[in-house]
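**Student:** Encoded as structure tokens, here's the structure I'll be asking about.
The values are calculated or read from the model by the stated rules, or taken from the named source; none is laboratory data. The structure displayed is predicted, hence computed values, not measured ones. All Cβ positions, glycine included, derive from the backbone under ideal geometry; neighbour counts span all protein chains shown.
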Amino acid sequence: MSTHLQASAPVDSSNPRGLRAHWNSVAERLTRIVSHDALALATRVAVAAIFFYSGRTKVEGFLTLTDSAYELFRTEYKLPFVPPEIAAHLAAYSEHLFPLLLLLGLFTRLSALALLGMTLVIQVFVYPDAWPTHLSWAALLLYLVGRGGGRLSLDHAMGVR
């Protein structure tokens, strides 16, 4: 299978059916080139980077929470129902564990669902005006929840959908 766009016959732009058929042909080729597996891998890496780097700002060394992380949860984040000391640990550990699982493609759907839940909490309780950013994260995470990690994942190697 060729993975490049092949030159085709000239398209009669005055004929809408010819233009539509040409466009559909190009779209089909692009669908073959940009497979679900490539999209899933790129999405897993992109989302993992976002959350992992956020988690790294909360710790020093391996997983020792910084005083500034606790202070952030006490003063800026102020999550309801969860004490700041517990919320800081949950967030920092989640932002390390789930991105690692996404990179490996291990428990991809579950990991994406966990980060989607975290995104929802951030949107609703912490930064409600940052919805464009959170919506972009949610779209990537929903793709992984709905389609899985693809063939380039440990899930696939283990026969897990």
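**Student:** Evaluate the following for residue 32: is it surrounded by fewer than 20 Cβ atoms within 10 Å (Cβ to Cβ), assigned to a helix (DSSP H, G or I) and modelled with pLDDT under 95?
**Tutor:** Criteria met by residue 32.
**Student:** Can you list residue pairs whose Cβ atoms sit under 7 Å apart, with the first residue in segment 68-81 being among the aliphatic types (A, V, I, L, M) and the second being assigned to a loop (DSSP other than H, G, I, E, B)? Count only pairs 6 or more apart in sequence or on different chains.
**Tutor:** Close Cβ pairs (under 7 Å, with a partner that is assigned to a loop (DSSP other than H, G, I, E, B)) amount to 69/58.
**Student:** Could you run through segment 39-56 and say how many residues are free of Cβ contacts under 8 Å to residues at least 12 places away in the same chain and farther than 15 Å from residue 98 by Cα?
**Tutor:** 1
**Student:** For residue 62, indicate whether it is among the hydrophobic types (A, V, I, L, M, F, W, C) and within 30 Å of residue 156 (Cβ to Cβ).
**Tutor:** yes
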